[in-house]
Amino acid sequence: MSDRPADTPEQAELRAAARAFLTEHAEPRAELNPWQVSGFPDDDEARAYFEHGRAWQRTLAEHGWAAPTWPAEFGGGGQPTWADRILREESADYGSHPGFIGATIAMLGPTLLAHATDDLKARFLPSLVSGEVAWCQLFSEPGSGSDLASLATRAVLDGDEWVVDGQKVWNSCAQFADWGFLLARTDPDAPKHQGITFLLVDMSSPGIEVRPLVQANGSSHFNEVFLSGVRIPADQVVGEVHGGWAAARTVLANEAAFIGRGGGAPASDRLRDLAARHGGLDDPTVRQRLAAIVSRERLQDLMGQRIQAAVRNGQRPPFDPALTKVMVAGTKVLTGNLAAELAGPAAVAGPADGDARGTWVRAEVLNRFAISIGGGTTEVQKNNLAERSLGLPREPGHDRDTAWKDVPRN
Ligand SMILES: Cc1cc2nc3c(=O)[nH]c(=O)nc-3n(C[C@H](O)[C@H](O)[C@H](O)COP(=O)(O)OP(=O)(O)OC[C@H]3O[C@@H](n4cnc5c(N)ncnc54)[C@H](O)[C@@H]3O)c2cc1C
């Protein structure tokens, strides 16, 4: 029996419409290969996966499902907040999803809605939501990850253009993106959080070089991005000049919440299959580890439902959504480790083709730390939770009030 509250007539009508749309256009999960790994293991696969996601986003947009709750004038559906939840619930049995495009919409959409001028919203939101323009996040730098506010990429105003010089790194899908949202230092005399500006940059601008980083799994999920004398029109600023940290925080909060939502079928089914094949089902330690993973998956599901119930009632989430990111990241590590131990040698080597299970195991092993690092590391999320949710004293910040230019750097 479902533990979902009964729909109002209005919600039931929307649910029926969502179901009809998905039945006609989406790929039923039951018809997909459960061992299929998206965008793995090489560059062609990564690009094909990215474009497949973009095509699905276009389909959603064409039928009014791309952003059900956003304002209609900016490409959304103008529906109440529960419409997102209903679409998500109905989508659970389908494998179609927008891939990385979904992450950028979740990060940049609310940021533009909250911080951008009406002109920028009208210019950028409709093509973001339709997938016509794909974006990448240009935040991290070789010396600035967890301590993002220490970033050193410079932007200097020259007439009515910003001129940007610097280097970004770990920029997911930047090699496929049309535009980027970029943090740059515009006031080196101010303390680190107060001299940053949030800029929107066309990735085909002269002076931008995108260098894919080849990973151990053979593909390039992320890139280095070099910016040399890149000119950006002065009106492509989100929020206040020098006050971009506020918009950056909106991106980071939405990124953590998006990752914490998880997605896809739970891994425990596949782990059970692996345990049965490799003779692990009678091993009490394997059974305990499987039980822990199943319990965490169930807890994550319940936490998601509680957040969604709050959204349904127009209330604040009952706990910080960063908690679900920490939870999902921890489960992924447990899953990858167990998959590796069950599969044995197939976790590190296997036939090049025709070995879907082995490919899945290798992807789980190699990717198991991606979620605990990307979007803010687990350690940093725990710091945030300690301060925001538990009210513990703030982490000491020796350079918080010092002019950025006076802070020693490597
Ligand atoms: C899959 C993936 C996708 C990514 N995509 C993007 C992207 O699209 N755009 C982008 O800009 N960046 C992206 N990143 C980069 C990501 O945001 C950074 O890797 C992350 O913020 C950590 O920064 P760092 O790698 O510099 O590690 P560091 O900050 O150098 O951290 C090193 C270690 O020290 C720990 N640590 C650091 N500070 C503290 C502290 N105060 N308290 C306790 N422990 C601490 C960390 O937890 C970590 O274990 C991506 C990363 C991954 C893995």
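The values are calculated or read from the model by the stated rules, or taken from the named source; none is laboratory data. What you see is a predicted model, and the numbers here were worked out from it, not measured in a lab. For neighbour counting, all protein chains shown are included, and Cβ atoms are generated from backbone atoms with ideal geometry for every residue, glycine included.
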Selection count where residues are closer than 17 Å to Trp360 by Cα and surrounded by fewer than 17 Cβ atoms within 10 Å (Cβ to Cβ), scope region 273-323: 4
In region 88-102, anything assigned to a helix (DSSP H, G or I) and surrounded by 22 or more Cβ atoms within 10 Å (Cβ to Cβ) is listed as Phe100, Ile101
From (1) outside any helix (DSSP H, G or I); (2) over 26 Å from the mean Cα position of the chain (by Cα), pick out the condition that doesn't hold for Pro345. (1)
Neighbours by Cβ (under 8 Å, 6+ apart or cross-chain): first from region 29-45, under 18 Å from Asn367 (Cα atoms); second basic (Lys, Arg): Pro34/Arg270; Trp35/Arg270; Trp35/Arg357; Pro41/Arg362
In region 129-154, how many are within 16 Å of the ligand (Cβ to nearest atom) and either more than 30 Å from Trp65 (Cα to Cα) or basic (Lys, Arg) (or both)? 14
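Name the single residue, out of those in region 387-405 being in contact (Cβ under 8 Å) with a residue 24 or more places away in the chain and of a type in the set (D, E, K, R), that is farthest from the ligand (Cβ to nearest atom).
If we filter region 387-405 for residues that are in contact (Cβ under 8 Å) with a residue 24 or more places away in the chain, which is where we start, we get 388-389, 399-405.
Filter again for of a type in the set (D, E, K, R), leaving 388, 399-401, 405.
Working: Arg388: 14, Asp399: 12, Arg400: 12, Asp401: 17, Lys405: 21 Å.
It comes out as Lys405.
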For Leu157, are the conditions met, namely being in contact (Cβ under 8 Å) with a residue 24 or more places away in the chain, among the aliphatic types (A, V, I, L, M) and within 11 Å of the ligand (Cβ to nearest atom)? no
When Ser389 is run through (1) exposed (fewer than 14 other Cβ atoms within 10 Å of the Cβ); (2) under 26 Å from Arg277 (Cα atoms); (3) among the hydroxyl-bearing types (Ser, Thr, Tyr), the failure sits at (2)
Answer yes or no as to whether Gln137 is in contact with a strand residue (DSSP E or B) (Cβ under 9 Å, 6 or more places away or on another chain), polar (S, T, N, Q) and either within 24 Å of Gly180 (Cα to Cα) or in a loop (DSSP other than H, G, I, E, B) (or both). yes
Could you list, in sequence order, the residues of region 241-270 that are under 30 Å from Trp35 (Cβ atoms) and part of a loop (DSSP other than H, G, I, E, B)? Arg261, Gly262, Gly263, Gly264, Ala265, Pro266, Ala267
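Evaluate region 30-52: report whether one residue or more is more than 23 Å from Ser172 (Cα to Cα) and modelled with pLDDT of 90 or more. I'd like the intermediate steps shown before the answer.
So the first thing to find is which residues in region 30-52 are more than 23 Å from Ser172 (Cα to Cα), and the list is 30-35.
Among the residues that remain, those that are also modelled with pLDDT of 90 or more are: none.
Scanning region 30-52 turns up no residue that is more than 23 Å from Ser172 (Cα to Cα) and modelled with pLDDT of 90 or more.
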Within region 163-214, which residues are within 15 Å of the ligand (Cβ to nearest atom), among the hydrophobic types (A, V, I, L, M, F, W, C) and either assigned to a loop (DSSP other than H, G, I, E, B) or not assigned by TED's automatic domain parsing to the domain that holds Asp235 (or both)? Trp170, Cys173, Ala174, Phe176, Ala177, Met203, Leu213, Val214
Among residues belonging to region 328-342 that are aliphatic (A, V, I, L, M) and within 16 Å of Asn367 (Cα to Cα), point out the one that is surrounded by the fewest Cβ atoms within 10 Å (Cβ to Cβ). Val333
Show the residue pairs that are 6+ apart or on different chains and have beta-carbon atoms under 7 Å apart, the first residue being within region 296-321 and among the hydrophobic types (A, V, I, L, M, F, W, C), the second being assigned to a loop (DSSP other than H, G, I, E, B). Ile307/Pro317; Ile307/Pro321; Ala310/Arg316; Ala310/Pro317; Ala310/Pro318; Val311/Thr81; Phe319/Ser389
Go through (1) within 16 Å of the ligand (Cβ to nearest atom); (2) outside any loop (DSSP other than H, G, I, E, B); (3) crowded, with 20+ Cβ neighbours inside 10 Å one by one and return the number of the condition Leu125 breaks. (1)
Looking at region 128-148, I want the residues that are without any contact (Cβ under 8 Å) to a residue 60 or more places away in the chain and aromatic (Phe, Trp, Tyr) and have a partner that is in a loop (DSSP other than H, G, I, E, B) and buried (at least 19 other Cβ atoms within 10 Å of the Cβ) with Cβ atoms under 9 Å, at least 6 apart or on another chain. Which pairs are those? Trp135/Cys173; Trp135/Ala177; Trp135/Met203
Considering only region 356-386, state which residues are loosely packed, with under 15 Cβ neighbours inside 10 Å and either within 28 Å of Thr186 (Cα to Cα) or more than 16 Å from the ligand (Cβ to nearest atom) (or both). Ala356
